[in-house]
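Some notes on the structure that comes next.
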Amino acid sequence: MAEFRFLHEEAKALLHRTSFALAADGVTAETLHLHDQRIPRALITELGDVTSVPQSDSGYCVLKGILSDFTEAPGPTPSSWDTADPGQTRELDVAFALIAGVTGRVFGWRSQQDGRLVHDIVPSKGFENMQVGASSAVKLEWHTEDSYHPDRPELLLLACVRNPDGVGTDVASVRRARLSDEDAALLSTDPVLLYPDDSYAGSWSGDGGDSARMLTLWETADGLCMRFDPPYTKLPDDRPDLRAAWERLGEALDSCATTVRAEPGDVVVVNNDVAAHARRPFTARYDGTDRWLKRILARGPWQRLESERDEPGYAQVQVGPYPSLHPGR
Ligand SMILES: [Fe+2]
């Protein structure tokens, strides 16, 4: 299926009406799953068609303009996730949660953004040079989301509220990366240690008792999958061959990357087991006009190694996952 997908105008109007009616009755993104009977079946069906898990080799798709009716006047970009007023974008958040809820089982992390389901990704003062979503001045390096955890999302959804400077999100699929058979074999058999990124700071200590047990690559019936987060990886000191292969994977992703310049109303859906993502650096203004994304994480069909099920995941606790709005997902 094409990487750009469109919801037809009638369905967009139905999404608009439904989300406004639910929000007017006090329904939020968090409580939406309790009100699934109020969501028209026709809307679920239409959304189901455009949001089918991107199993293509590209590992992503863009739901072009699907939320454009909600991003015309979103108000100023908040200065940080914790100063964002949920009331400011309630209808948008409900509509985004509805789309995400059709893709799979949505969830949050208790120790990330206060356990919220819809995350605000905005540049924040003091975070400019960090490897977290609130950074701006540095390239946010290649990563698959929440790589450190066995229950990380299969799907990552990013909704663009505002992106006046056209800041690019890079996406690169492991299925398009030119890796030698030797490197693929090494990265599929020899583990590394992944640990939580700085957005979880304070919620775990040391290495959590974990060890280098995470495999970077694995094969599924649909193709190769990946778990990769270089800034938050510890490689065994005595394995220069593994390090070299792992670095060549990063270079191979560079070589096959696509840049998505999301516009207001676009939703980018990434298959988090197939594609890594990164963000280009930009200069934040902190004047209410900066780039503003919303993020929702979703679980999909399990396509991971059985050995992952025993990982402790640094004792991180999920909020949800909530039941999917789409039968069978
Ligand atoms: Fe990310």
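Only the coordinates and a few stated rules stand behind these numbers; no lab work does. The structure presented is a predicted model; accordingly, all values stated were derived computationally and were not measured. Heads up, the Cβs are rebuilt from the backbone with ideal geometry, glycines too, and the neighbour counts pull from every protein chain shown.
A few notes on this one:
- Here the peptides 9-22, 221-234, 84-97, 149-162 are ranked by packing, the mean other Cβ count within 10 Å, and the order with the highest first is 149-162, 84-97, 221-234, 9-22.
- Acute angle (nearest 10 degrees) that the helix 9-24 long axis makes with the longest principal axis of the chain, alpha-carbon atoms: 80
- What the Cβ-Cβ distance of K125 and T220 gives, at R0 = 25 Å and to the nearest 0.05, is a FRET efficiency of 0.05.
- Annotated for the stretch 4-319: lysine pairs at least 8 residues apart or interchain, Cα distance under 26 Å, count 8.
- For the chain: relative contact order, % (alpha-carbon pairs under 8 angstrom, 6 or more apart): 33
- For the pair H8 and D238, label points projected 7 Å from Cα toward Cβ lie 6.4 nm apart.
- The tail of the calculated P(r) for the chain, taken as Cα-Cα distances beyond 29 Å, holds 35 percent of the pairs.
- Contour excess over end-to-end distance, with Cα ends at D254 and T189 and 0.36 nm allotted per residue: 21.1 nm
- The stretch between V138 and D165 holds 8.2 nm of extra length on full extension. This uses 0.36 nm per residue minus the Cα-Cα distance.
- Taking 0.36 nm per residue of sequence separation and removing the Cα-Cα distance, the H16/E72 pair yields an extension gain of 18.9 nm.
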